[in-house]
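Down below is the structure, laid out as C-alpha cells.
The values are calculated or read from the model by the stated rules, or taken from the named source; none is laboratory data. Predicted model only: the values in this text are computed from it and were never measured. Note that we place each Cβ from the backbone using ideal geometry, even for glycine, and neighbour counts take in every protein chain shown. These area figures cover heavy atoms from the full protein model, side chains too; ligands, DNA and RNA do not enter into them. Shrake-Rupley method; radii C 1.70, N 1.55, O 1.52, S 1.80 Å.
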Amino acid sequence: MNILLIGSGGREHALAWKLAQSPYCDTLYASPGNPGIAAHAACVDLDVTDHEAVIAFARVKGVELVVIGPEAPLVDGLSDSLRAFGIPVFGPSASAARLEGSKGFTKDLCTRANIPTAAYARHADKAAALADLPRFGLPVVIKADGLAAGKGVIIAETADDAEAAIEDMFGGGFGTAGAEVVLEEFMRGEEASFFALTDGRDVVAFGSAQDHKRVGDGDVGPNTGGMGAYSPAPVLTPELEARVMEEIIWPTVKTMAAEGNPYSGVLYAGLMLTAQGPKLIEYNARFGDPECQVLMTRFEGDLVTLLRAIADGQLADTDAPEFSSDTALTVVMAAKGYPGTAEKGGAIHLPKTNAAMIFHAGTALNEGQLVANGGRVLNVTARGRNVTEAQARAYAAVDAVDFPSGFCRRDIGWREVAREAGE
Ligand code: AMP
Ligand code: GLY
C-alpha cells in the first residue's frame, strides 16, 4: 500500500525506516521529510494545515494509510479531515488529542476514571489561581493548559516564583496555551515513559523508555525536548507495567470510548514512579521524540500491518507487538546554542557504520552538503545487551561523526549504567 508520513524529525525518520522495511509498503511519501527520511521515502512539501491539499494528494497517489508524527496536526484535526474522506489514519481525532492538547482535560478525565495522578486545580482566572496556590504547598507545579512546545511547565520552589509563573501565564507569556492554568501537587519519584497502542477499543503495550530532558551532563541546565533516551526502562518492571496498563491506560481508553470520544493511535504516558505506585504526569498523543527512535530500533514486527490495523479499528485481530530483548540507546547531537537559538548551517559528515543507526532530526542539504537545520540535529542510536553496552556503541558512533558545530551529552543512560555496575 502507499503510505504518507507527516513530519520532519528524528521520530519520523525512525518511523520511515521501519515502515519502508515492510513488504506491505509500496511507495512511502513523507511530508516534509528530511535528508535522512529521503533514503526511505519520496519527500513532498505539503502544507499540513491545508487539509484539502493533504486529502487531494492522498487521493491522487492512492494513499491507504496516513501516519501523523507530531502533535500539532493532530490537535488541528488533520486525522478527522482525512477520515471524513475514508482515508485510514494512524493518529487520534482532534477531540481525543485533547489528552495532549489540554492538560486540564486530561486531569478531569483522571478524576472521572479514578486514574492515579497529582492533585490539581484548573483556573481560567488569575486572582482565583493566586488565591488557590497556598494549599498546594511547595514546590508547586504550574502548567499552561494548552500546547506550549514542551515549555509550559514551571516547578516553583518559592511562593514568589509560583506567583510570577501565574502572572506570566495569564499575561500571555505562553500565548493562548496559558489562557487557563493547572496547579498541581509536586510528585516525587523517578520518571519513566510508557507507550500503548489502541484502536479505541483494544490496547497493547508498546514498550517503555526513559529520557534525559536537561541539556547538560548530570541532568543540569535548561529543559530540552530530550537529549537522549533508552528502551526498555528497567525501572518499569513487568509488575509496574501491568499496574500502569490496569490503573492508567485501560481506564483512559475505556472512559474515552464510553464518553463517545474514542482514542485511536499511540498513548504516550509520562509517569512518576512514586512511593504509592505509578502516577500519570501527562499524556502525549504521539510517539516521543527521541523515544520513538529507541522503540523502533527494538521493534521486530511489521509496522505497516500494526498501524493499519489500528487505523481500521482491528487491533484485536493483530499479533501482539514483539520487541528485541536488547536495549536501544540514542544520543541526541544538537547544534550549539540549543535549546536557545541553535546555530544553523554547520557542516556534518557522517561515518559509514553498521554498528549504529543515525536518524536525522534537524538536517538539510545545502548544495549537496549535509548541514544542521534545527536544534536537535542527529539521533545516534545503537543496540546492546544492556544499557552499558548500547551506550558504549552509541558513543563510539557519535565519536565518528564529524559535526564541529554540534554537541551532545556524554552521559545518556547514566542511571542504568550505575545500576548495572552495581553502584
Ligand atoms: P510535562 O510537560 O507535563 O511532562 O511536564 C514536564 C516535566 O515537569 C515532567 O517531565 C516532570 O519532570 C515535571 N512535572 C510535571 N508535573 C509534575 C508534578 N505534578 N510533579 C513533579 N514533577 C512534575
Ligand atoms: N521526548 C519528549 C517528547 O517527545 O515529548
With the cut-off at 1.5 for a/c, could you classify the chain from its C-alpha gyration tensor as rounded, prolate or oblate?
rounded
Return the distance in nm (one decimal) between the two label points of a simple spin-label model at D108 and R214, each offset 7 Å from Cα along Cα→Cβ.
3.6 nm
Whole Å is fine, so just give me how far the alpha carbon centre of segment 253-331 lies from that of segment 214-236.
19 Å
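So how much slack lies between A275 and D402, counting 0.36 nm per residue of separation and subtracting their Cα-Cα distance, in nm? Show your work: numbers first, answer last.
Details: separation 127, 0.36 × 127 = 45.72 nm, distance 4.44 nm.
Full extension of this stretch gives 41.3 nm more.
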In debye to the nearest 20, how big a dipole does the chain give about its Cα centre with +1 on each Lys and Arg Cβ and -1 on each Asp and Glu Cβ?
400 debye
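Shape call for segment 1-109 from the C-alpha gyration tensor, a ≥ b ≥ c root eigenvalues: rounded (a/c under 1.5), prolate (a/b greater than b/c) or oblate? List each step's numbers first, then the result.
Numbers: a/c = 1.97, a/b = 1.51, b/c = 1.30.
Taking the square roots of the gyration eigenvalues as a ≥ b ≥ c, segment 1-109 is prolate.
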Quick one: which residues, 5 or more positions from Q21 or on another chain, have an amide H under 5 Å from its amide H? H modelled 1.01 Å from N in the peptide plane, none for Pro or chain starts.
none
What spacing in nm lies between the two simple spin-label points modelled at S325 and R419, each 7 Å away from Cα in the Cβ direction?
1.7 nm
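Between rounded, prolate and oblate, where does segment 47-145 land on the alpha carbon gyration tensor, with a ≥ b ≥ c its root eigenvalues, rounded for a/c under 1.5, else prolate if a/b exceeds b/c?
Taking the square roots of the gyration eigenvalues as a ≥ b ≥ c, segment 47-145 is prolate.
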Area of Y338 that stays accessible when all protein chains are in place (1.4 Å probe, Å², to 10)
40 Å²
Per the helix-only calculation at 222 nm, which mean residue ellipticity applies to the chain, given -39500 (n - 2.57) for every DSSP H run of n ≥ 4 and division by its residues, nearest 500 deg cm²/dmol?
-8000 deg cm²/dmol
What ³J(HN,Hα) values, in whole Hz, does the Karplus curve 6.51 cos²θ - 1.76 cosθ + 1.60 give for segment 34-43 when θ = phi - 60°, with x put for Gly and Pro?
7, x, x, 4, 4, 6, 10, 9, 8, 8
For V89, which sequence-distant residues (separation of 5 or more, or a different chain) have an amide H within less than 5 Å of its own amide H, given hydrogens modelled in the peptide plane?
V66
Karplus ³J(HN,Hα) for segment 114-128 (6.51 cos²θ - 1.76 cosθ + 1.60, θ = phi - 60°; Hz, whole; x = Gly/Pro) runs 6, 8, x, 7, 5, 4, 7, 8, 9, 9, 9, 10, 5, 4, 5
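For segment 27-71, state the semi-axes of the equivalent ellipsoid (square roots of 5 times the eigenvalues of the alpha-carbon gyration tensor), sorted largest first and rounded to whole angstrom.
Whole-Å semi-axes of the equivalent ellipsoid: 17, 13, 9.
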Inter-centroid distance (Cα atoms) of segment 30-103 relative to segment 117-163, Å
33 Å
FRET efficiency (D317, T49; Cβ distance; R0 41 Å; to 0.05) is 0.75
If I stretch the segment between V60 and T237 completely, what's the gain in nm (0.36 nm per residue apart, minus their alpha carbon distance), one decimal?
59.0 nm
Skipping prolines and chain starts, which residues have an amide H placed within reach, meaning under 5 Å, of the one on G301, given they are 5 or more residues away or on another chain?
E322
Accessible surface ranking that places the most exposed of E64, E52, E291 first, with a 1.4 angstrom probe
E52, E64, E291
Looking at this model, which pairs from K103/K213; K213/K344; K213/K254 are more than 25 angstrom apart at the alpha-carbon?
K213/K254
